[in-house]
Amino acid sequence: MRFPSVALTTLLTAASLATTVSVSHAQSCQDLWVERNQYYKDAGYCFRTPRAIRYFGNAGCRYDDEGTVPLPRGVRDLIGPSAISAAAASTPLGR
């Protein structure tokens, strides 16, 4: 009886992980762009590109240099160059 319960637990865990991975891969470039830039908007970044200004606006912005935006380390790790592809990392903020 122990084997079926172990097998079932393993199967459910694998299915759960597969669902989590497929959901994260389902995010579009637009979704990722919005998520990344929303952190900057919430922290007061002044966007420069027309696209970002149209989407987020610059009302209440305080920081012109993205490096000076006070983001928590966890957020910087999440959206920083080491966490995203090289192509996305080379795109200027707000594009």
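The values are calculated or read from the model by the stated rules, or taken from the named source; none is laboratory data. Just so you know, these numbers come straight off a predicted model, no measurement behind them. Don't worry about glycine lacking a Cβ; one is built from the backbone with ideal geometry, like all the others, and counts go over all protein chains shown.
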Exercise. Please tell me if Y39 is in contact with a helix residue (DSSP H, G or I) (Cβ under 6 Å, 6 or more places away or on another chain) and at pLDDT 95 or above.
Key: yes
Quiz item: Is there any pair with a first residue in segment 70-82 that is over 12 Å from N37 (Cα atoms) and a second that is among the small types (G, A, S) whose Cβ atoms are under 7 Å apart and which are 6 or more apart or on different chains, and what are they?
Solution: P70/A43; D77/A83; P81/A89
